[in-house]
Amino acid sequence: MSFIINFIRAVLDAMLELFSFGRKGISNKLPIFVKTNTGKQISLNLDPEWNISNVKRLVAPSLGISPDEVKIIFAGKELEDCTRISECDLGTQSVLHAVKSRSRSEIETKSKKCLETLFDDENVGDVPSKPLSSTLVDLQLKGEERRDSESNIKAKAHFFVHCPECKKLCRGKLRVRCNICKGGCFTVHRDPECWDDVLVPKKIQGHCESKEIACMSDEENGLPFAEFYFKCAEHGSGGEKDYAAPLTLIKMNLKKVPCLACGDISDPVLVFPCVAGHTSCLDCFKLYCISRLQERQFISHREFGYTLACPVNCENSFIQEIHHFKLLEKDYYDRYQQFGAEEFVLQSGGVLCPQPNCGMGILVDENCNRVHCQNGCNFVFCKICKQGYHIGDCLPESAISNNMSVSEFSVNPSRVAGARWDEASKIAIQVTTKPCPKCRTATERAGGCMHMACTRAGCNFEWCWICQTEWTRDCMAAHWFG
Amino acid sequence: MSCPAERRLRKELLELLTNPMPGIYIDEEKVAKNINEWIVTIEGAEKTIYEGETFQLQFSFNEKYPFDSPTVLFIGKIPVHSHIYSNGHICLSILTDDWTPALSVGAVCLSIRSMLSSATKKERPPDDMIYTRTCSKNPKKTKWFFHDDTV
């Protein structure tokens, strides 16, 4: 009797094992797409242990050619037969490109190549090679560092991106496409060696096989350029339009540099673009941004946008890629965007609508002092004193509050219900603040001396609280401290 | 987890206690009670006009430290010096305009000690009377003019 029970149990166990094994097999598979230049798209489940020759065998029938004639192109490289799938930095739903090789000689070199696995520098673009992810040297290291660390860094190149889908800092992956047709079936002539190779357009040429007729450029040799872009490596590929902004200042802390602010050694870190390469952990970077943002001390840079420099005040250390500020929490990032937009309007000679809760940016005619908040609250105001519009000279400050309610009533009757509250805060602002004589930013003096420095970054005008004009030695002598 | 300012201050404290700087002593008991308030004793350097005298500096840190500078002033006996007001306020650019997060408590103490050491005459700043009568309690609220970088 027990023999029969044991037998049944053994059979059951074996079945269970089979079942779980089968499941394991399936979960290991990597679903990807293969695109051909004839417009076909094949979806495949790849085993990471397979190599490229397996893929060729699977793809060849749908192209109607023999497996030796198939070329597999991915991320700017033609992949060689003996490369394993797991080496290729493929994610779920990544797209491989399959095309027919152009000539017989090419096929011969290819098969020879796989045996030798030598690196032929003269002809990199045309012969199959290792995938970009494994040949690429770490762009964050400079020439010397690379040589020093080659032995201990076997890991892949590291990129960080801000992923709009994951809404956070993610590991990134580098991808390549043709700058003319934007197709991904593109092989580069050389690997990028520095950030400039990747970020500055038209640095590296290559061959495009995305279409049946190769793309041609206006260059002497007629070859198109590689266009590099980044994707998030932490979610499945969302197709060819799924980009992420590279955060070039964020690096792996291979040198174990302590944070300039908290002194902790963390990984990854942000390295400011100054000569000294001052390094900050990401928490302290956020703290730095928030404290500067609250004091409105970001700078509106003509080329880079609304940005910050190294906190140690190094020269030429502005952060060029403003996507780094996306690391801030949403509320702060929203404020960053609002301040940035306001600063842009002010620097282009525009004004901000002075009505509470409006603040609409308005670009104005240089010779006209009458400003109409057309797309906002409809308030009509004077460009100089920021009060309701008037004819003739601006009124002195004290007279304005009496005049205000009348002009407001006539301007926008629908606002009257809310006017009292706004009026109350307006009076409070008028009593406790004075406008910067240069940019009219309302400034509160909370103790201290009469020497004011405008708190708006980019203005920084030094003025006298009493005279309400530029600070002079006379002010210092007469009423420095009131 | 403690905030970055506290972590940084703990590191600075540990560093100053393990590698003390000559003539600079930290009141450990006071710091142990509140990491954001430090009392540091500074000895006048040898062969200077302050030799044999000791002074106390009070450091206050906010949660934005080290991106925001500490508030530093002399308490108790105030050294007579042309950049130090009789209420303890110090006219030193690294405490306001030129502060950077790369500076530290140790660096500030060293600067103040060398500022004392380089003086040749014991005198108050020329505007001491008017300043101390009208200024804010917080020295960071004063917009300083740094006329003289040599002293």
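Each reported figure results from applying straightforward, stated rules to the coordinates on display, with no laboratory input. Source: prediction; values computed, not measured. Cβ coordinates were reconstructed from backbone atoms using ideal geometry, including for glycine residues, and neighbour counts include every protein chain displayed.
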message = Test of understanding: ordering A:C467, A:C289 by Cβ neighbours within 10 Å, fewest first, what list do you get?
response = A:C467, A:C289
ask   = Given the Cα-Cα distance of A:H235 and A:T38 and 0.36 nm per residue of separation, how much length would full extension add, in nm?
value = 68.1 nm
Per-residue average of Cβ from other chains inside 10 Å of A:252-263 = 4
ask   = To the nearest 20 debye, what charge dipole does segment B:1-45 have about its Cα centre, counting +1 at the Cβ of each Lys and Arg and -1 at the Cβ of each Asp and Glu?
value = 240 debye
query = Per-residue ellipticity at 222 nm for chain B, helices alone: DSSP H runs ≥ 4 residues times -39500 (n - 2.57), over residue total, nearest 500 deg cm²/dmol?
reply = -8000 deg cm²/dmol
Charge-dipole axis of segment B:3-140 as Lys and Arg at +1 and Asp and Glu at -1 on Cβ define it, positive-most pick from B:N19, B:T54, B:I130 = B:I130
request  = Could you work out the relative contact order of segment B:3-140, using alpha carbon pairs under 8 angstrom and six or more residues apart, expressed as a whole percent?
outcome  = 22 percent
remark   = Expected sort for A:333-340, B:104-111 on mean C-beta neighbours within 10 Å, highest first, is B:104-111, A:333-340
inquiry  = Given R₀ = 30 Å, what would the calculated FRET efficiency be for A:K330 paired with A:E295, taking r from the Cβ atoms and rounding to 0.05?
reply    = 0.90
query = When Cβ neighbours within 10 Å are restricted to other protein chains, what is their mean count per residue of peptide A:307-315?
reply = 2
ask   = Once both axes come from the Cα atoms, what is the angle between helix B:4-18 and the longest principal axis of chain B, in degrees from 0 to 90, rounded to 10?
value = 80 degrees
note = Each label sits 7 Å from Cα toward the beta-carbon; between B:E53 and B:K33 the label points are separated, in nm, by 2.7 nm
key: For segment B:3-140, size of Cβ-based charge dipole, Lys and Arg +1, Asp and Glu -1, in debye   = 180 debye
key: Inter-label distance for A:F7 and A:T92, nm, one decimal - labels placed 7 Å from Cα along Cα-to-Cβ   = 4.4 nm
Potential extension, A:H372-A:R473 segment - 0.36 nm per residue separation minus Cα distance = 32.4 nm
Partner chain coverage, peptide A:274-283 - average Cβ within 10 angstrom = 1
message = Counting other C-beta atoms within 10 Å, and keeping those with at most 12, which DSSP coil trypsin sites (Lys or Arg not before Pro) do you find in segment A:279-323?
response = A:R302
inquiry  = Between A:K29 and B:K121, what's the calculated FRET efficiency when r is the beta-carbon distance and R0 is 60 Å? Round to 0.05.
reply    = 0.10
query = Of all the stretches in chain B, which is the longest one without any exposed loop site, taking trypsin sites (Lys or Arg not before Pro) in a DSSP loop (any state but H, G, I, E, B) with at most 14 other Cβ atoms within 10 Å?
reply = B:1-46
ask   = Where in segment A:445-475 is the amide nitrogen less than 18 Å from a point lying 7 Å along the Cα-to-Cβ axis of B:T134?
value = A:445-453, A:463-475
Pairwise Lys count, segment A:203-291 - Cα closer than 21 Å, eight or more residues apart or different chains = 6
message = Would any residue of segment A:264-288 have its amide N under 12 Å from a label point 7 Å out along Cα→Cβ of A:W195? List them or say none.
response = A:270-275, A:277-278
remark   = The FRET efficiency for A:E212 and A:F304, from their Cβ-Cβ distance with R0 = 41 Å and rounded to 0.05, is 0.50
